[in-house]
């Protein structure tokens, strides 16, 4: 890992929600996030145990 994150103390489960959202996406959605409309966002949120707001935050990154 790079020096920029060397000193950070991030719990191992901090990225589980992000990983779950990505795993709930289809390969096409991962390649082209522009495909992800409202119903797809809802499906990703339901499949990952997160909210649509959290999915939106991930997609804005």
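Axis angle, to the nearest 10 degrees, between helix 38-48 and the longest C-alpha principal axis of the chain: 50 degrees. Between the range 6-23 and the range 27-61, what's the alpha-carbon centroid distance in Å? A separation of 17 Å, based on Cα centres.
Once you sort the root eigenvalues of the Cα gyration tensor of the range 18-60 as a ≥ b ≥ c, which label holds: rounded (a/c under 1.5), prolate (a/b larger than b/c) or oblate (the other case)?
On the way: a/c = 1.44, a/b = 1.26, b/c = 1.14.
Taking the square roots of the gyration eigenvalues as a ≥ b ≥ c, the range 18-60 is rounded.
All of the numbers you see were taken from the coordinates with simple rules; none came from a lab. Source: prediction; values computed, not measured.
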